[in-house]
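Below is one structure; the comments refer to it alone.
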């Protein structure tokens, strides 16, 4: 197993017995560059090492396995070289049931030291998928979802331009992702899989913590996943695995409303 940051790929591989030895420096695969700044006003970079999403004026959602690898949050950018708007971090809170061995509940909340002025910065929060949203069928198997990240553009192909990229991938049922030859039972109820059986399009290392979104009836983005892990990048039958936002929704809302 390989998480989608920049380190610990081989260590995590040993936890589930995977033997993948691909370099841990890959990110969005098979995607295109984001050119409209208003498309992702919620997207942030965490010190260039992970992605994240603004969910309120003082909170960012990312992956728990990213914790310890970033020192600031930068939004309002389509390229890592841009100045954007940088925010200091007050603290990072991992999901209490996060398991770094299985990658279950791979969620973390980043509290900012200051509130975001949405009018001034042109940033905005993204909607989060609740259990109701899931039960209404908005993220069922076959639904197209879009993942965003500043990562590499293929296996061992560095994103030297440092652009924000995106790729559209269909959601895959956990039953399909758990088949022998895919993840053989490693996908649990806190995860959602997306990608193609033939590979070719995926998120990858460096995209960790970034958002996987679908669009609701108003064409507004709703975040259904957080980039978490996967074996290889865009390999056949090795779908991208995301932390399922609806599974962490209650914890997220409770945490940001009581701090």
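Here, each number is a calculation from the coordinates, and none is a lab measurement. Everything numeric in this text was worked out from a predicted model, so none of it was measured. In this analysis, Cβ positions are derived from the backbone assuming ideal geometry, glycine residues included, and neighbour counts consider all displayed protein chains.
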Item checked: For region 77-120: rounded, prolate or oblate by the Cα gyration tensor [a/c cutoff 1.5] -> prolate
Next item on the list: Return one number: the angle in degrees, 0 to 90 and rounded to the nearest 10, between the long axis of the Cα atoms of helix 245-258 and the longest principal axis of the Cα atoms of the chain.
Entry: 30 degrees
Check: Expressed as a whole number of Å, what is the distance separating the alpha-carbon centroids of region 35-86 and region 177-240?
Finding: 20 Å
Note to self: Highest mean first, how do 102-111, 133-142, 236-245 rank when packing is the count of other Cβ atoms within 10 Å averaged over residues?
What the structure shows: 236-245, 102-111, 133-142
Item checked: Rough spin-label spacing in nm, given labels placed 7 Å along Cα→Cβ, for residue 80 and residue 220 -> 3.2 nm
Notebook entry, point to check: Using the per-residue mean of other Cβ atoms lying within 10 Å as a proxy for protection, in what order, highest first, do the peptides 210-220, 54-64 fall?
Noted result: 54-64, 210-220
Check: What shape does region 19-131 have by the C-alpha gyration tensor, where a ≥ b ≥ c are the square roots of the eigenvalues, rounded means a/c under 1.5, and otherwise prolate means a/b greater than b/c and oblate the rest?
Finding: oblate
Margin query: At a 10 Å Cβ-Cβ cut-off, how would you order 187, 256, 192, 116, fewest neighbours first?
Written below: 256, 116, 187, 192
Checklist line | Over the chain, relative contact order from alpha-carbon pairs under 8 Å, at least 6 apart, % | finding: 25 percent
Item checked: For region 123-257, the spread of Cα positions along each principal axis, largest first, Å -> 41, 37, 28
Margin query: Given the chain, report the % of alpha carbon pairs whose separation exceeds 27 Å.
Written below: 27 percent
Item checked: Expected 222 nm ellipticity per residue - DSSP helices of 4 or more, -39500 (n - 2.57), all of the chain, to 500 -> -3500 deg cm²/dmol
